[in-house]
Amino acid sequence: MHFSLNIAIRSLQTHKLRTALAMLGVFLGALALTGVQHMSTAMVRKAEVEIQKLGPNLFMARAGRIRWRRGNARVKDTASTFTMADAQALADGMPGARRHAPFTQTDMPIRAGDTKIPSVLIGVTPEYSTVRNLTPDFGRFISAADVTDKAMVCVLGQKIATRLFRQPERALGQRVTFFRARLRVIGVMEAKGSDIVGTDQDEQVFVPITTYMRRMANTDAISGAYVQLADWVAPERAKESASAILRHRHNISEGQPDDFAVLTARDTIKLQQQALDLVGTLGLISSTVSFAVGGLGILSIMILLVRARRMEIGIRRAVGARRSDIISQFLFEAGLLSGIGGTLGVICALGLISVVYAVAGFPFVYRPGLMAGILVGSVLLGLAAGGYPAWQASRFEILDILRNHE
C-alpha cells in the first residue's frame, strides 16, 4: 500500500496541469460550502448577541403592518391609530411589564450651518435609553423635564455628530435645524452600530416625544412602543396579550386585519434565520453542483491517465503486481486529487471568512465538524470517481499491452 501511495504521488506531480484541473471542481465546492455555512452561522450568532444587548424579553408594538424583505429591509403599511394612551394601556395590561417607552420615528434631514444630511428622527421619553440599552458618550439623554416642557433639545447619534461637527464632543451646545425647528444639542450617544433589524443606530437623532408631537409635527399619533418584560413572560403570551389590548382599543372586529404589528426580539432572528436558511440551501445546491462537476472531472482525468499509462500498468503486472495493487494505486491517486482539492478549498474559505468577520464585525465562528465532514466527503468523492478507472486498469492483460505497444 505504501508503494502504491508513492507511485500515486509521483504521478500527480508529473501531470501538474491535469491534477489542477481535476481538483478545481472539488476546490470550488469545498470553498462554497465552507464559506456559506460559516457565514450563515456567524450572522445568526451576531443576531443572538444583539438580542442579548437589547434584552431577550424586549417587546415592540408598532403602528401599521411590517413586512420583511431580503437584507432585513422593512416595508411598513402606515397607520395613524397608535397613541400614547395605547402605549400606557400595554404597560398596564401586559403581564410582567416592567417599563415602557413610547416613540415616534421618521426620516428627516438635519442641518448644521451649511451641512445638511439625512437622519432618523426619534421622539422618545427618558425610559427609551434604559429599555433600548443606550448610553450617552457625551452630555446627557432626554429627561422628564424636557418631555414636560416640550424642550427644543436633541441628542445626536455618533455618526451624525461626527459628520456635522467632525468631533462628537464639539456638538454639545451647538444648534441644529430640522426644517424650521431649531434645537440645541445636549448629548451625543455612544457608538452602537446596526441593531438586529439592520438600522444604523449611530445615524439617529433623539428629541423629547412631546416636542416632536406638539412643536414639530402637530400630531397625536406615535410610531409605537417598546415594553420591557419580566424574564418569566413567554413571548407568545406577551404577543397574544398585546394584540388583544390593541384590537380592543382600536375597535377591530373579528376577521378584520390588525392595524399594528407586535413582535419580540426573538421574532427578528427567526425571520433572519428563514432568509439565511434559503441562502444556506442555495449554497448547498451550488456546492453540490461543484462537487458533482469535480467528481466528473476526476473520473475523466483518471480514465485518460489509465489509457496513457497502459505500459506502466503492464510492467507492474509483469514484475508481480496484483490486480488489487493496481486498483489501490489509482484509488490513491483519485483520493489524493479530491482530498487535496477539498483541503485547499476549506483553507481558502477560512481565510476569506476571517477577513469578512473582521471587516463586518461578526463573531469569529468556526465549525470543525463541518470542515472535517467536507474533507472526508471530498476524499470519498475521489474514491467513488476513481473506482471505475481503477477497475478498468486492473483488467488489462499483460500480453495485450505488450502486443499493442509493439
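Rule-based calculations on the coordinates, nothing more; no lab input. If you're wondering where the values come from, they're calculated on a predicted model, not measured in any experiment. Don't worry about glycine lacking a Cβ; one is built from the backbone with ideal geometry, like all the others, and counts go over all protein chains shown.
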Along the charge dipole of the range 80-258, which of 168, 213, 251 sits closest to the positive end, that is, farthest toward it, with unit charges on the beta carbon of Lys, Arg, Asp and Glu (+1, +1, -1, -1)? 168
Placing +1 on each Lys and Arg Cβ and -1 on each Asp and Glu Cβ in the range 83-156, then taking the dipole about the Cα centre, the residue among 120, 139, 103 whose Cα reaches farthest towards the positive end is 139
Quick one: what are the phi-derived ³J(HN,Hα) couplings along the range 165-177, Karplus 6.51/-1.76/1.60 with θ = phi - 60°, whole Hz, x for glycine and proline? 10, 6, 10, x, 5, 6, 6, 4, x, 6, 9, 10, 10
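Between residue 288 and residue 231, what's the calculated FRET efficiency when r is the beta-carbon distance and R0 is 45 Å? Round to 0.05. Could you put the intermediate results ahead of the total?
Values: r = 43 Å, r/R0 = 0.95.
With R0 = 45 Å, the Cβ-Cβ based efficiency is 0.55.
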Could you list which residues have their amide H under 5 Å from that of residue 260, counting only those 5 or more apart in sequence or on another chain, with H placed in the peptide plane? 64
Rounded to whole angstrom, the alpha-carbon centroid of the range 221-238 lies from that of the range 124-146 at a distance of 19 Å
Which ³J(HN,Hα) values, rounded to whole Hz and listed in residue order, are derived for the range 364-381 from phi using the Karplus coefficients 6.51, -1.76 and 1.60 in 6.51 cos²θ - 1.76 cosθ + 1.60 with θ = phi - 60°, glycine and proline given as x? 7, 10, 10, 10, x, x, 5, 5, 5, x, 5, 5, 5, x, 5, 5, 5, 4
Going residue by residue through the range 21-35, the Karplus relation 6.51 cos²θ - 1.76 cosθ + 1.60 with θ = phi - 60° gives ³J(HN,Hα) values, rounded to whole Hz and with x marking Gly or Pro, of 5, 5, 7, 4, x, 5, 4, 5, x, 5, 4, 5, 5, 5, x
What is the magnitude of the charge dipole of the range 80-258 about its Cα centre, with +1 placed on the Cβ of each Lys and Arg, -1 on the Cβ of each Asp and Glu, and no other charges, expressed in debye to the nearest 20? 800 debye
